[in-house]
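Heads up, the thing below is written out as structure tokens.
The values are calculated or read from the model by the stated rules, or taken from the named source; none is laboratory data. This one's a predicted model, so the numbers in the text were calculated from it and none came from an experiment. Neighbour counts run over all protein chains shown; Cβ positions are idealised from the backbone, glycine included. Just so you know, the surface numbers come from the protein's heavy atoms only, side chains and all, with ligands and any DNA or RNA stripped out. Shrake-Rupley method; radii C 1.70, N 1.55, O 1.52, S 1.80 Å.
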Amino acid sequence: MNYNEILHILAPCGLNCRKCMANAEGDIRHHSIRLRELLGSFDSYAQRFSRFWPVFENYRQFKAMLEHFTAGECRGCRHGDCKYPDCGVAKCYRDKGVDFCFQCDEFPCDKTNFDENLKARWLAMNSRMKKIGVETYFEEIKNIPRYG
């Protein structure tokens with residue numbers, strides 16, 4: 001995959017947007033839609049199964065979550081749809097004229113507004129991209145779950 005195609009998939013912070021549960025073109029949305037289709041009208045079955053498999057008492061909550069996953073409409077951070085509250089990267093990368101944080105002469109910085117977990121991931125992702133290049137980085141992570 002070439003650099004410009006990768007820009008459509010990787011956020012400026014380095015996260016793979018296609019692995020996000022909110023992404024309109026993402027794996028989670030795609031598989032959730034398929035699972036919803038496969039389940040069809042499972043509600044009455046879940047109610048009957050709950051008599052001898054208690055886990056099915058939670059089917060209504062599962063179905064609500066599944067519906068949430070099928071509704072993913074985010075087009076990605078580069079298209080103005082950043083879902084992380086108060087993300088400092090979403091605006092900063094444009095102001096700096098870079099595609100990824102590691103390309104900025106101020107990297108690493110304290111402008112991300114990320115929690116400690118995401119900040120550590122951001123630093124690792126961008127350091128890795130800087131070391132091996134965007135295309136090689138993408139090949140390494142393209143099939144790895146985002147929430148691993």
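In table form, for the structure just shown:
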read-out: Only listed residue being in a helix (DSSP H, G or I) and open to solvent by 40 Å² or more (accessible area, probe 1.4 Å), chosen from K63, K83; value: K63
read-out: Residue match in region 69-77 (condition: in a helix (DSSP H, G or I), modelled with pLDDT of 95 or more and of a type outside the set (V, I, T)); value: yes
read-out: Residue that is surrounded by the most Cβ atoms within 10 Å (Cβ to Cβ) [pool: residues in region 1-59 that are closer than 30 Å to Y93 by Cβ and among the polar types (S, T, N, Q)]; value: N23
read-out: Selected residue (only one of F52, F62, F100 is touching a helix residue (DSSP H, G or I) at 6+ places or on another chain (Cβ under 7 Å) and modelled with pLDDT of 95 or more); value: F100
read-out: Hits in region 122-148 (condition: surrounded by 15 or more Cβ atoms within 10 Å (Cβ to Cβ) and among the basic types (K, R)); value: R128, K130, R146
read-out: Filtered residue count, region 86-98, keeping only those that are part of a helix (DSSP H, G or I) and either within 14 Å of the chain's Cα centre (by Cα) or among the β-branched types (V, I, T) (or both); value: 1
read-out: Residue match in region 111-121 (condition: closer than 19 Å to N23 by Cα and either among the hydroxyl-bearing types (S, T, Y) or open to solvent by less than 60 Å² (accessible area, probe 1.4 Å) (or both)); value: yes
read-out: Test set (1) under 20 Å from C20 (Cα atoms); (2) part of a helix (DSSP H, G or I); (3) acidic (D, E) - E37 fails condition number; value: (1)
read-out: Total residues in region 3-38, condition under 12 Å from E67 (Cα atoms), in contact (Cβ under 8 Å) with a residue 12 or more places away in the chain and of a type outside the set (V, I, T); value: 6
